1. Give me the residue from the range 91-142 that is surrounded by fewer than 18 Cβ atoms within 10 Å (Cβ to Cβ) and hydroxyl-bearing (Ser, Thr, Tyr) and, out of that set, modelled with the highest pLDDT.
2. Report the residue count in the range 114-142 for those that are without any contact (Cβ under 8 Å) to a residue 40 or more places away in the chain and outside any helix (DSSP H, G or I).
3. Within the set of pairs 6 or more residues apart or between chains, which connect a residue that is assigned to a helix (DSSP H, G or I) inside the range 12-35 to a residue that is of a type in the set (Phe, Trp, Tyr) with Cβ atoms less than 8 Å apart?
4. Take the range 40-91 and flag every residue that is within 21 Å of Gly118 (Cβ to Cβ) and in contact (Cβ under 8 Å) with a residue 60 or more places away in the chain.
5. I'd like the residue in the range 18-47 that is in contact with a Lys or Arg (Cβ under 9 Å, 6 or more places away or on another chain) and small (Gly, Ala, Ser) and, out of all such residues, is modelled with the lowest pLDDT.
6. Would you please name the residue that is surrounded by the most Cβ atoms within 10 Å (Cβ to Cβ), looking only at residues in the range 28-61 that are under 18 Å from the mean Cα position of the chain (by Cα) and over 14 Å from Glu121 (Cα atoms)?
7. Of (1) closer than 20 Å to His14 by Cβ; (2) charged (D, E, K, R); (3) not in a helix (DSSP H, G or I), Arg45 satisfies all except one. Which?
Amino acid sequence: MATTITTESNPSAHQSSAFKTASTLLLILVGSFITLVPGGPIETRSFVDLGPIVFWGFNAFLIALGFGAIASALVMRSGNRVAAWGAIIASWGYIFVVLLDLGHVFPTTPDPIPLALGIIEILDAILAGYIIVLSHRALGHI
């Protein structure tokens with residue numbers, strides 16, 4: 001009597017799907033954050049009070065976070081477990097940035113957070129949380 005295993009009951013198929021979905025969503029998250037560049041149509045606050053070292057240091061952090069997330073997303077498509085951990089770390093990084101901004105911790109400016117920026121940041125934080133869950137699912141933790 002032969003037993004047939006369908007892809008729906010095969011845990012590795014679920015994990016493979018989670019790797020690919022998390023990878024795609026991580027790239028979307030990075031793309032969404034890119035639209036929030038200071039001086040752009042969404043991020044209209046002035047950051048002159050931060051000073052150039054703090055401003056460019058923060059931008060360097062965001063650029064490194066973006067490149068790390070892109071690298072993790074691309075490598076994760078092949079089912080790489082280390083890249084999944086990179087996706088988790090990057091997603092927490094994005095959540096951290098959003099919480100600091102929406103919590104008025106950093107960067108602080110005299111200008112209020114534009115409504116579109118706040119909405120996009122909240123949606124990005126939710127997306128990052130979902131990527132964390134999918135990455136843990138891909139790793140077989142849940």
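The values are calculated or read from the model by the stated rules, or taken from the named source; none is laboratory data. Everything quoted here is computed from the prediction, not taken from an experiment. So basically every Cβ, Gly included, is an ideal-geometry build from the backbone, and we count neighbours across all protein chains shown.
1. The extreme case among them is Tyr130.
2. So the first thing to find is which residues in the range 114-142 are without any contact (Cβ under 8 Å) to a residue 40 or more places away in the chain, and the list is 115, 118-119, 122, 125-126, 129, 133, 141-142.
Pick out the ones that are also outside any helix (DSSP H, G or I) and you get 141-142.
Going through the range 114-142 one residue at a time, the tally reaches 2.
3. Matching pairs, first to second residue: Leu25/Tyr130; Leu29/Tyr94; Phe33/Tyr94.
4. Within the range 40-91, Ile42, Glu43, Thr44, Arg45, Ser46, Phe47, Asp49, Ser91 meet the criteria.
5. Ala18
6. Among those that are under 18 Å from the mean Cα position of the chain (by Cα) and over 14 Å from Glu121 (Cα atoms), it is Phe58.
7. Among (1) closer than 20 Å to His14 by Cβ; (2) charged (D, E, K, R); (3) not in a helix (DSSP H, G or I), the lone unmet condition for Arg45 is (1).
Residues are listed down the side, and each one gets a yes or a no for (1) aromatic (Phe, Trp, Tyr); (2) assigned to a loop (DSSP other than H, G, I, E, B); (3) in contact with a Ser or Thr (Cβ under 9 Å, 6 or more places away or on another chain); (4) under 18 Å from Leu139 (Cβ atoms):
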{"position": "Ile63", "(1), (2), (3), (4)": "no, no, no, no"}
{"position": "Ala73", "(1), (2), (3), (4)": "no, no, yes, yes"}
{"position": "Gly79", "(1), (2), (3), (4)": "no, yes, yes, yes"}
{"position": "Val82", "(1), (2), (3), (4)": "no, no, yes, yes"}
{"position": "Ser91", "(1), (2), (3), (4)": "no, no, yes, yes"}
{"position": "Phe96", "(1), (2), (3), (4)": "yes, no, no, no"}
{"position": "Leu100", "(1), (2), (3), (4)": "no, no, no, no"}
{"position": "Pro107", "(1), (2), (3), (4)": "no, yes, no, no"}
{"position": "Pro112", "(1), (2), (3), (4)": "no, yes, no, no"}
